[in-house]
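Undergrad: Right, I'll just put the structure down here and ask away after.
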Amino acid sequence: MKAAWLVLLVPLCFACGIQPQNLDNTTVILNVVEVAPNTYRHLSFLETESFGKVGCNGMVVVEKGEAIIIDTPTNDEASHDLMHYVQNILKAKIKAVVVTHFHEDCLGGLKYFHERNIPSYSFHLTAALAEKNGVEVPRHHFKDSLRISVGMHDVELYHLGAGHTVDNTVVYYPTSKALFGGCLVKCLGAGKGNLVDARVEDWSQTIKKVQQKFPDVEHIIPGHGKDGGKELLEYTRALFAQ
């Protein structure tokens with residue numbers, strides 16, 4: 001698997017309770033690692049009052065010289081580095097950016113992509129909530145689901161119900177059987193995390209819908225922490241079961 005660390009290599013799974021080691025006051029900006037064919041996890045970092053420094057995941061799909069980014073890095077600096085990596089290392093043109101919910105860990109770098117005329121897509125409620133909260137607003141919206149072509153295949157966007165937020169979207173790339181669950185899906189060992197905008201009573205049922213929708217999924221990237229397989233869905237379902 002291909003991997004690229006920009007600035008510094010550190011062990012990570014902030015959302016699962018594993019702390020960074022030996023930082024020596026150096027700031028990690030971005031990590032990119034291939035998790036499946038044509039499918040990459042990008043990871044950037046967000047300083048929070050409640051949880052400290054948090055690693056935030058996104059996904060990149062690359063095929064036939066085209067790329068789609070799912071969730072931006074958390075800031076412009078990391079977004080610049082991700083664009084450089086995709087264009088110059090993966091040799092792909094960024095066709096679109098997808099935002100999976102309205103929090104900063106999903107769209108903190110969205111303005112950077114907008115300034116470079118890259119179209120952005122989200123569930124319609126994500127755009128409404130972004131506007132209400134005074135953050136950068138995705139420019140193209142869908143009602144229930146959307147397919148965006150990349151190379152010869154599609155990336156599929158679905159809103160299957162509330163959980164971490166009422167607008168959380170999941171993104172599936174059937175070609176590599178890879179799912180970006182975002183903050184709807186927890187890494188193994190994680191707690192419930194930020195529940196400020198959560199619909200906790202719906203979370204487990206929404207995960208059941210994800211399990212039913214993608215029975216063949218093999219690779220799952222959560223919003224925070226280590227990626228894995230179907231066990232992440234079952235862990236999350238059980239964590240929020242009433």
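Undergrad: In terms of the Cα gyration tensor, with a ≥ b ≥ c the square roots of its eigenvalues, is segment 92-173 rounded because a/c is under 1.5, prolate because a/b exceeds b/c, or oblate?
TA: Working: a/c = 2.04, a/b = 1.12, b/c = 1.82.
It is oblate, given that a/c is not under 1.5 and a/b is not larger than b/c.
Undergrad: Another question, then. Provide the solvent-accessible area of H224, counting protein heavy atoms only and rolling a 1.4 Å probe, rounded to the nearest 10 Å².
TA: 40
Undergrad: Go through K53/K213; K64/K143; K64/K132 and tell me which ones have a Cα-Cα distance over 31 Å in this structure.
TA: Numbers: K53/K213 33 Å; K64/K143 28 Å; K64/K132 37 Å.
Those over the limit are K53/K213; K64/K132.
Undergrad: Here's another thing I want to ask about it. Considering only protein heavy atoms, with the full assembly of protein chains and a 1.4 angstrom probe, order M59, M152 by accessible area, largest first.
TA: Numbers: M59 0, M152 145 Å².
Most to least solvent-accessible, the answer reads M152, M59.
Undergrad: Let me ask something else. Test of understanding: what is the full-extension gain from V33 to H153, defined as 0.36 nm times their sequence separation minus their Cα-Cα distance? Intermediate results must be reported in sequence, preceding the final value.
TA: Working: separation 120, 0.36 × 120 = 43.20 nm, distance 2.13 nm.
Length gained between V33 and H153: 41.1 nm.
Undergrad: Can you give the accessible area per residue of segment 31-102, in Å², using a 1.4 Å probe?
TA: On the way: 2550 Å² over 72 residues.
Accessible area per residue: 35 Å².
Undergrad: Show that you can apply the helix-only estimate: for the chain, add -39,500 (n - 2.57) for every DSSP H stretch of four or more residues, divide by all residues, and state [θ] at 222 nm to the nearest 500.
TA: Result for the chain, helices only: -5500 deg cm²/dmol.
Undergrad: Further question on the same structure: Could you please state how large a percent of the accessible area of the chain is carbon and sulfur, counting protein chains only and using a 1.4 Å probe?
TA: On the way: 5250 of 10830 Å².
Ligands and nucleic acids excluded, carbon and sulfur reach 48 percent.
Undergrad: GluC sites (Glu not before Pro), restricted to segment 31-115: which are DSSP loop and have at most 15 other Cβ atoms within 10 Å?
TA: Listed in order of number, the matching sites are E49, E115.
Undergrad: Give the percent of DSSP beta bridges with both residues in the chain that are antiparallel, rounded to the nearest 5. Each step should come with its number before you reach the end.
TA: Numbers: 38 of 52 bridges.
Of all bridge pairs located within the chain, approximately 75 percent are antiparallel.
Undergrad: At 1.4 Å probe size, with no ligands or nucleic acids counted, give the accessible surface of T74 in Å², nearest ten.
TA: 10
Undergrad: Students often get this wrong: which residues of segment 195-221 have the backbone nitrogen under 15 Å from the point 7 angstrom along Cα-to-C-beta of Q242?
TA: Within reach of a label on Q242, which here means backbone N under 15 Å from a point 7 Å along Cα→Cβ, segment 195-221 contributes 199-208.
Undergrad: How much accessible surface does V150 have with a 1.4 Å probe, in Å² rounded to 10?
TA: Probe radius 1.4 Å; accessible area of V150 about 0 Å².
Undergrad: Going by the alpha-carbon gyration tensor, a ≥ b ≥ c the square roots of its eigenvalues, is segment 151-193 rounded (a/c under 1.5) or, if a/c is not under 1.5, prolate (a/b greater than b/c) versus oblate? Numbers along the way, then the final one.
TA: On the way: a/c = 4.31, a/b = 1.69, b/c = 2.56.
Verdict is oblate for segment 151-193.
Undergrad: Which translational diffusion coefficient, to the nearest whole µm²/s, is obtained for the chain from the Stokes-Einstein equation, given a Kirkwood hydrodynamic radius over C-alpha pairs, 4 °C and 1.567 mPa s? Walk me through the intermediate numbers first.
TA: Working: Rh = 17.5 Å.
The Stokes-Einstein estimate is 74 µm²/s.
Undergrad: Nothing charged except the Cβ atoms of Lys and Arg (+1) and of Asp and Glu (-1): what's the magnitude of the dipole of the chain about its Cα centre? Round to the nearest 20 debye.
TA: On the way: 23 positive and 27 negative charges, 107 e Å.
For the chain, the charge dipole is close to 520 debye.
Undergrad: Of the candidates K186, K143, K208, which one comes out as most mobile in a Gaussian network treatment of the chain with C-alpha springs shorter than 10 Å?
TA: K143
Undergrad: When the chain is modelled as a GNM with alpha-carbon springs shorter than 10 Å, which of S176, S79, S122 fluctuates the most?
TA: Of S176, S79, S122, the most mobile in the Gaussian network model is S176.
Undergrad: What residue among G189, G52, G223 shows peak mean-square fluctuation when the chain is described by a Gaussian network model with Cα springs under 10 Å?
TA: Top of the fluctuation ranking is G52.
Undergrad: Which shape class applies to segment 52-115: rounded if a/c is under 1.5, otherwise prolate when a/b exceeds b/c and oblate if not, where a ≥ b ≥ c are the square roots of the Cα gyration tensor eigenvalues?
TA: Values: a/c = 1.85, a/b = 1.68, b/c = 1.10.
Since a/c reaches 1.5 and a/b is larger than b/c, the shape of segment 52-115 is classed as prolate.
Undergrad: Using only alpha carbon pairs under 8 Å that are at least six residues apart, calculate the relative contact order of the chain and give it in whole percent.
TA: On the way: 573 pairs, mean separation 39.7, N = 242.
Computed over the chain, the figure is 16 percent.
The values are calculated or read from the model by the stated rules, or taken from the named source; none is laboratory data. Not measured: the values here are computed from a predicted model. Note that each Cβ is placed from the backbone with ideal geometry, even for glycine, and that neighbours are counted across all protein chains shown. With ligands, DNA and RNA removed, areas are computed over all heavy atoms of the protein, side chains included. Shrake-Rupley method; radii C 1.70, N 1.55, O 1.52, S 1.80 Å.
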